Every structure is written in structure tokens, then in C-alpha cells.
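> Just dropping this structure here.
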Amino acid sequence: MSDDFFDCNRDASPERPLRHISSLGMFNLLRFLPTKPVSDTFLDAFLFAVWPLSPLVHRPTLRADYDRFWDWCRNSDRALPPEKVRDDPTFLCLLFAILYSGACAAPPASWTCGGLQSLRKETTIAHLKSACTTSMSLCQHLEHPTLNTLVSTLLTATFLDRHVEPIRNMVSISTTIRIAQSMGLHREGTWSSSLSPVDREIRRRAWWCIIGLDVQSSICTGLPPCCAPEALDIVSMISDTRDEDISDLSGHFSPDLVPGPSQQSIAVILAIARAETARVQSKIASRLQTGRHLAQTEFTELVTLAEQLQQKIDKLIARVPSQGISEQGFIPSRLAKASPITHPALYKDDGTHPTVFAAWTRIMLILLKLEVAILLQKPFLPAPDSADPESCRAWTSVAHLCVSYLRMFLQLYQTPAFSPYVWFCYRYHGPLQCVFLILVYLHRFPESENIVLARYCIEEIIGHTVSYYQIPRDSPGESRADNPECDEGSSEARIPLAIQVLVDLKSRVDAQMKSDNRIIDKLDENKCWLFPYTLELGSGSTEKDTVNESIFPLPNSSSSSSTVHNYRNQDAPSTATAPQTPSGTRPGPTSNVFAAEDDSGLDQDVLASLTDFESWSSLLARPK
């Protein structure tokens with residue numbers, strides 16, 4: 001059954017509400033609705049902090065529906081609810097989801113000025129969360145899904161499921177996929193001609209968002225994606241146009257038509273890149289996780305897909321207006337230090353001028369290119385063996401890509417202007433995959449020298465991730481966990497097992513390096529510099545250690561071969577605006593091993609790594 005089925009088989013009279021919806025319960029939920037000024041603030045926060053990364057609602061329609069709803073609220077004693085609310089009460093689910101996600105993503109400064117300063121943040125967010133989940137229950141979302149309830153689920157998933165383990169999150173995503181399939185989102189031909197251009201486009205955006213979540217879950221759990229590869233070419237790609245122009249799209253809109261700067265949306269450019277990347281990643285993961293040996297023709301096809309994606313993303317990057325080179329750390333001060341309160345114009349979806357979100361987007365597009373290269377190479381990595389030249393070559397290549405990825409990803413955390421978008425980082429599994437691969441490299445190639453940058457990136461990513469999960473449960477809106485009063489004992493249990501494994505593995509790496517007298521950098525003179533959580537270095541293996549040595553055995557210090565990778569100390573490129581670090585931390589080191597001499601060659605490095613990968617990993621594929 002789908003929402004279209006229920007739309008065609010119900011009594012749509014405004015005097016007769018849908019039987020499966022508790023009208024009285026939905027009406028009572030309006031008591032949780034904040035005042036109009038507060039709701040306006042949360043809506044604005046949603047539009048500049050959440051919508052650019054999840055453009056799952058049509059902004060002009062949302063604004064119009066929102067204004068009509070509040071007009072009715074002012075005259076509710078003598079007027080019927082708006083037609084859209086009468087026809088589909090699940091609009092209230094979407095409204096609460098937007099206000100809740102906007103409140104969660106609002107920067108801390110938003111709560112210290114204007115209409116929010118008199119509110120208690122934790123209480124306000126808790127009330128909105130309760131209203132959001134209750135409205136979904138009253139509408140029986142699982143049994144009677146609508147596009148409003150599906151979008152509400154996608155918008156709030158990141159904020160509602162923060163402490164969920166990866167497997168439980170996978171179950172939640174698989175349920176969402178089945179709901180979307182029950183609504184027919186995976187078969188565009190069944191609805192493309194009967195819906196308005198706006199409804200068609202929002203369905204496409206929702207479907208490709210779900211595919212992206214499916215891929216992230218697959219990367220996190222190591223399980224195959226839920227959506228079959230053959231289903232990825234049925235639904236059209238997201239239209240490359242602004243929300244304001246969607247209604248003008250004809251049924252014969254050409255996907256190859258590139259809009260000019262004044263007609264393009266940076267948020268849509270990012271959404272297209274993420275959707276294209278998710279499609280390729282899903283095909284790669286599905287093909288490599290079949291359990292059978294890969295034929296040469298299949299392998300060549302995957303490499304070709306990756307190379308074609310690189311070219312598509314390059315074209316999208318060229319369209320994003322830039323000042324400086326944000327993907328290399330060169331962010332102009334006026335952008336790096338901006339905030340939505342002081343510089344709201346820099347957070348608009350503007351395709352004609354450099355903005356804060358444009359800088360974020362350029363970084364994300366490069367990260368997508370690196371993710372695909374890493375995902376494709378990872379399954380073909382041989383057993384890490386410092387005595388085997390091919391193993392050294394393969395692992396060094398992947399380690400280089402992973403460190404490049406983490407260096408760039410850390411800019412998303414550390415640039416003050418990006419604070420409205422940081423919520424997106426905490427459920428993104430690409431960095432954790434890179435951390436694990438680098439830790440494997442450091443374990444198995446222990447005599448590699450000058451690994452300061454790699455260790456710095458690992459410490460920062462683990463620190464940010466652990467601090468996020470250590471936020472007390474009664475503070476759902478906090479974006480950081482810098483509260484010294486946080487109970488370490490109670491918060492540690494909320495850290496997912498996969499994260500704790502990385503923490504323990506990192507501790508083992510440090511212990512081994514310390515025992516070999518190879519930790520001499522200043523980073524270790526003050527062990528609290530990069531750790532907002534308590535982590536004893538050099539603790540070694542204990543009974544409580546979550547790392548299973550049978551899965552990840554520690555090499556003996558004497559087992560290393562004389563074949564060693566020596567790297568030259570190189571100066572990390574300076575930035576026009578020094579990267580900002582969280583309070584209580586210090587800037588990263590100036591010497592590194594994995595950074596290229598010139599970061600402008602990053603694109604060439606990605607393509608070169610694919611070419612190099614094709615040469616050595618093709619030996620593992622069978623000719624067909």
C-alpha cells in the first residue's frame with residue numbers, strides 16, 4: 001500500500017478526518033507548539049543549518065504553508081484549519097520535525113540572544129522531540145505512511161538516534177527503505193505522470209537521501225546494502241534547479257542542461273553529488289560483498305564507474321563559487337569567522353557569490369571523491385605485511401588517501417563558521433573507516449617514521465566522536481560535550497561498541513609506539529591536548545579491552561622486516577586563515593608524512609591512486 005492508495009480510497013471531506021489518525025490527539029499536540037517568534041527562529045535555523053544538507057522540502061511551499069498555518073492559529077476560534085492540514089493532517093508531523101531539527105541544529109549563540117534567551121534549551125528541545133515522535137505515532141506512520149511522515153523521519157533521524165548502535169541503526173534504515181518502497185518511491189514510472197513537478201522532485205530527493213543512508217549503514221556494518229544495484233537506475237537523478245524554478249520544469253527537462261549561476265542552487269549541487277556518489281558506492285559495495293570472486297570485466301567496470309564519478313564531481317566543483325581554496329584550508333577570514341547571527345547573507349543558498357555553505361560544499365565534494373577511491377581499494381588490500389613490497393605499496397596508497405580525507409574532514413569541525421552544519425558530521429561514517437585503516441597501517445608497519453600528522457588526525461576524529469556520544473541524555477540539543485561535570489562512568493556506556501574499539505585500538509598503537517621509544521613528538525608531552533575525554537595511554541591489553549586480538553593481533557616489535565617506509569618531513573601548507581581548533585586544544589603539527597608536497601595535486605592523487613590501484617589489484621581479479 002502507498003500514500004497514493006490511501007489518497008484515492010478515503011473520504012476526503014473536511015468534516016470527516018481520516019479514521020486512522022487521532023484528531024483529538026493531534027489537536028492536543030498544538031500545546032507543545034512554541035510561540036510564533038520562537039517557531040520563526042527555529043524555522044530560520046532549519047533553513048540555514050538543516051535544509052542545505054537535507055533539501056527534502058520545497059522551500060516556497062513550506063513558507064506558504066507555514067504562514068497559512070499561523071494565520072489560522074490566530075483565528076482558530078472562527079475558522080477551519082488550512083485546507084492542506086484538513087486534507088493531510090500529517091503536515092503537523094512535518095512541522096514539528098522541522099522545528100525540532102531546527103532547534104537541535106541551531107548554533108549555541110542562537111540561544112543566548114533574541115527570543116530564545118529566555119528559554120531553557122534542553123526543556124524546549126525535549127518538548128519538541130516528544131511532540132515530533134507522538135505526532136508520528138498518532139498518524140500511524142508505519143501503517144499509513146505519507147510523504148510528510150517519510151520526510152519527517154529522514155529529517156529527524158540524525159537527532160533522534162544519536163545513541164543507537166550501528167546494527168540498530170541499520171534496522172531503522174531498512175525499515176525506512178521498506179516504507180519508501182511501499183510508497184512506490186523506487187518505481188518512478190508509477191507516479192511520474194500523475195504528480196506535480198514539486199511532488200515528483202521531493203520524492204526523488206527523498207529516495208536518493210535514503211540510498212545515501214543505506215550506503216552509510218553498509219560502510220558502518222560491513223553488510224551489503226538493502227537496495228539492489230539494479231534498482232539504482234530506475235529513479236531519475238535529482239533535477240539541477242532551484243526550488244523556485246521546479247514548478248517551471250517540463251516533463252522533457254534535459255538532465256544535461258546546466259543552469260547559470262543565478263539559476264543554480266548550491267544545496268542541490270551537493271545533493272546531486274551525494275546522490276551520484278551513493279549510487280556508485282552502493283554498486284561497488286553490492287558487487288564486492290557477494291562472496292564470489294570478482295571477474296576482470298566486473299573489476300574494470302567498477303574502476304570505470306569510479307573514474308566517471310570523479311569527472312562528474314569535478315564539473316560540479318567548478319560551478320561552486322569560491323574565494324580562496326577552502327578544500328585546501330585556504331578560507332578567507334570573512335567566511336571562516338562568520339556566523340548566521342552576524343552575517344546571515346553568507347549562509348544563503350547563493351550560486352553567484354562565495355558563501356560559507358559554498359566553502360563547506362567544496363570540501364564535501366572533494367571528500368566524496370576520496371570516499372569512493374577508498375571504498376573501492378579497501379576490499380582489495382592484501383594482508384598487511386611490511387616484508388611484502390606489494391602489501392607496502394597497497395597499504396601506503398590507502399593510508400595516504402585516508403590521511404588526506406581526515407585532514408580535510410577536520411576543517412568541517414574546526415572552522416567556526418561551519419558550526420551550523422557540524423550536526424551532519426557525527427553520523428557520517430567515512431572518517432571512522434579512515435581511522436580504522438590508518439590504525440591498521442600503524443600497527444602493521446610500525447617502523448614507519450614521521451607519522452605525526454596521521455596520529456594527530458586520528459586523535460582529533462576520535463576526540464570529536466567520543467565527546468559527541470558523551471553528551472548527557474538530558475541535553476539532546478548540545479552539539480559538543482565539553483561539560484566537565486559530565487559523569488564519565490555513565491557516559492562511557494553510551495559510546496557505540498565500534499567507537500570504543502577504535503579508542504582501545506588507538507590506545508594500543510600508542511602503547512606499542514611508546515614501548516618502542518618512538519613517541520617523541522610534543523603532541524605526547526601534554527596528553528590532554530587532543531583528548532576531551534579520559535583515555536589512558538599505554539594501558540595495553542586489559543580484561544576490559546574491547547579489541548579482540550584474534551581479530552586484530554598485535555605485531556611483536558621484533559617481527560618488523562628491515563623493509564621500512566621512510567618519509568621526508570614536509571611542511572604542511574599554511575592557510576590564509578589558520579584553522580580554528582576547539583577550546584582547550586592546540587593547532588596541529590607542521591610536519592607530516594602523508595601530506596603531498598602541494599595539496600593542489602589532490603585531484604591528481606585521487607585519479608593516480610585509481611590508476612595505480614587498477615594495476616596491482618587487477619592481479620586479484622579473474623579473467624572472464
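The values are calculated or read from the model by the stated rules, or taken from the named source; none is laboratory data. Remember, predicted model here, so these are calculated numbers, not experimental data. Using ideal geometry, Cβ is built from the backbone for each residue, glycine included, and neighbour counts are taken over all protein chains shown.
> Give Pro332, Pro384, Pro431, Pro321 a once-over and let me know the one that is more than 27 Å from Val258 (Cβ to Cβ), of a type outside the set (A, V, I, L, M, F, W, C) and in contact (Cβ under 8 Å) with a residue 60 or more places away in the chain.
None of the others qualify; the one that does is Pro384.
> In region 23-53, which residues are modelled with pLDDT of 90 or more, loosely packed, with under 14 Cβ neighbours inside 10 Å and in a helix (DSSP H, G or I)? I'd like the intermediate steps shown before the answer.
First, the residues of region 23-53 that are modelled with pLDDT of 90 or more: 33-53.
Adding the requirement that they be loosely packed, with under 14 Cβ neighbours inside 10 Å leaves 35-37.
The answer is Lys36, Pro37.
> Of the conditions (1) farther than 30 Å from Pro108 by Cα; (2) part of a helix (DSSP H, G or I), Ala387 satisfies every one except a single condition; which number is it?
So the condition that Ala387 fails would be (2).
> Quick check on Val258: is it out of contact with any strand residue (DSSP E or B) (no Cβ under 6 Å at 6 or more places or on another chain) and either charged (D, E, K, R) or surrounded by fewer than 17 Cβ atoms within 10 Å (Cβ to Cβ) (or both)?
Details: out of contact with any strand residue (DSSP E or B) (no Cβ under 6 Å at 6 or more places or on another chain): yes; either charged (D, E, K, R) or surrounded by fewer than 17 Cβ atoms within 10 Å (Cβ to Cβ) (or both): yes.
Spelling it out, Val258 is indeed out of contact with any strand residue (DSSP E or B) (no Cβ under 6 Å at 6 or more places or on another chain) and either charged (D, E, K, R) or surrounded by fewer than 17 Cβ atoms within 10 Å (Cβ to Cβ) (or both).
> Buried (at least 18 other Cβ atoms within 10 Å of the Cβ), within 22 Å of the chain's Cα centre (by Cα), modelled with pLDDT of 90 or more and in a helix (DSSP H, G or I): which single residue out of Leu154, Leu128 fits that description?
Values: Leu128 fails: within 22 Å of the chain's Cα centre (by Cα).
From the options Leu154, Leu128, the qualifying one is Leu154.
> Could you say which residue among Ser391, Ser339 is out of contact with any Phe, Trp or Tyr (no Cβ under 8 Å at 6 or more places or on another chain), without any contact (Cβ under 8 Å) to a residue 12 or more places away in the chain and of a type in the set (S, T, N, Q)? Spell out how you get there, then give the answer.
Details: Ser339 fails: without any contact (Cβ under 8 Å) to a residue 12 or more places away in the chain.
Selected residue: Ser391, the only one of Ser391, Ser339 that is out of contact with any Phe, Trp or Tyr (no Cβ under 8 Å at 6 or more places or on another chain), without any contact (Cβ under 8 Å) to a residue 12 or more places away in the chain and of a type in the set (S, T, N, Q).
> Please determine, by comparing only the residues of region 275-292 that are in contact with a Cys (Cβ under 9 Å, 6 or more places away or on another chain) and surrounded by fewer than 23 Cβ atoms within 10 Å (Cβ to Cβ), which one is nearest to Cys227 (Cα to Cα).
Ranking the qualifying residues of region 275-292, first place goes to Ser286.
> If a residue counts only when it is under 17 Å from His141 (Cβ atoms) and under 32 Å from the mean Cα position of the chain (by Cα), which helices (runs of 4 or more DSSP H) contained entirely in region 55-105 have at least 3 such residues? Talk me through it step by step, then tell me what you get.
On the way: elements: 59-74, 83-87, 91-105.
Qualifying helices (runs of 4 or more DSSP H): 91-105.
> Taking Gln311 and the conditions (1) closer than 24 Å to Trp51 by Cα; (2) surrounded by fewer than 16 Cβ atoms within 10 Å (Cβ to Cβ), which numbered condition does it fall short on, given that it satisfies the others?
Answer for Gln311: the failing condition is (1).
> Okay, moving on. Out of (1) assigned to a helix (DSSP H, G or I); (2) at pLDDT below 90, the odd one out for Ser118 is which?
(1)
> I would also like to ask the following. Of everything in region 220-250, what is assigned to a loop (DSSP other than H, G, I, E, B), modelled with pLDDT under 90 and farther than 29 Å from Arg178 by Cβ? Give them in sequence order.
Leu249, Ser250
> Of all residues in region 398-436, how many are at pLDDT below 90 and of a type in the set (Gly, Ala, Ser)?
1
> Being small (Gly, Ala, Ser) and farther than 17 Å from Val503 by Cα is the filter here; which residues of region 412-462 pass it? Quick ask: steps written out before the conclusion?
Taking region 412-462 as the starting set, the residues that turn out to be small (Gly, Ala, Ser) are 417, 419, 430, 448, 454.
Hits for region 412-462 are Ala417, Ser419, Ser448.
> Now a separate question. Is at least one residue of region 393-411 of a type in the set (D, E, K, R) and under 25 Å from His429 (Cβ atoms)? Walk me through how you get there before you give the answer.
The initial filter retains those residues of region 393-411 that are of a type in the set (D, E, K, R), namely 393, 407.
Okay, now just the ones that are also under 25 Å from His429 (Cβ atoms), so 407.
Yes, region 393-411 contains a residue that is of a type in the set (D, E, K, R) and under 25 Å from His429 (Cβ atoms).
> State all residues of region 260-301 that are charged (D, E, K, R) and either in a helix (DSSP H, G or I) or under 19 Å from Ile211 (Cβ atoms) (or both); if no residue qualifies, say none. Full working, then the answer.
Let us first name the residues in region 260-301 that are charged (D, E, K, R), namely 274, 276, 279, 283, 287, 292, 298, 301.
Those that are charged (D, E, K, R) and either in a helix (DSSP H, G or I) or under 19 Å from Ile211 (Cβ atoms) (or both): Arg274, Glu276, Arg279, Lys283, Arg287, Glu298, Glu301.
> Mind checking which pairs have a first residue in region 183-195 that is closer than 20 Å to His144 by Cβ and a second that is modelled with pLDDT under 85, Cβ under 7 Å, 6 or more apart or different chains?
Met183/Ser2; Met183/Asp3; Gly184/Ser2; Gly184/Asp4; Gly184/Thr190; Gly184/Trp191; His186/Ala231; Trp191/Asp4
> Is there any pair linking a residue in region 214-225 that is not assigned by TED's automatic domain parsing to the domain that holds Pro379 to one that is acidic (Asp, Glu), with Cβ under 9 Å and at least six apart or on different chains, and which?
Partner pairs satisfying both residue conditions: Ile219/Glu371; Pro225/Asp214.
> Restrict the check to region 480-489 and report whether at least one residue is at pLDDT 85 or above and surrounded by fewer than 20 Cβ atoms within 10 Å (Cβ to Cβ).
no
> Being touching a helix residue (DSSP H, G or I) at 6+ places or on another chain (Cβ under 7 Å) and not in a helix (DSSP H, G or I), is that true of even one residue in region 408-422? Outline the logic, then answer.
Taking region 408-422 first, the residues touching a helix residue (DSSP H, G or I) at 6+ places or on another chain (Cβ under 7 Å) are 408-413, 415-418, 420-422.
With the extra rule that they be not in a helix (DSSP H, G or I), the set shrinks to 415.
Looking through region 408-422, at least one residue is touching a helix residue (DSSP H, G or I) at 6+ places or on another chain (Cβ under 7 Å) and not in a helix (DSSP H, G or I).
> For region 325-352, enumerate the residues that are closer than 23 Å to Asp240 by Cα, of a type in the set (A, V, I, L, M) and crowded, with 18+ Cβ neighbours inside 10 Å.
Within region 325-352, just Leu346 meets the criteria.
> With the requirement that a residue be touching a Lys or Arg at 6+ places or on another chain (Cβ under 8 Å) and more than 15 Å from Gly324 (Cα to Cα), what does region 350-363 give you?
Gly351
> Have a look at Leu185, Leu213 and point out the one that is assigned to a helix (DSSP H, G or I) and buried (at least 20 other Cβ atoms within 10 Å of the Cβ). Even if it seems obvious, please write down each step before you answer.
Numbers: Leu185 fails: assigned to a helix (DSSP H, G or I).
Result of the check over Leu185, Leu213: Leu213.
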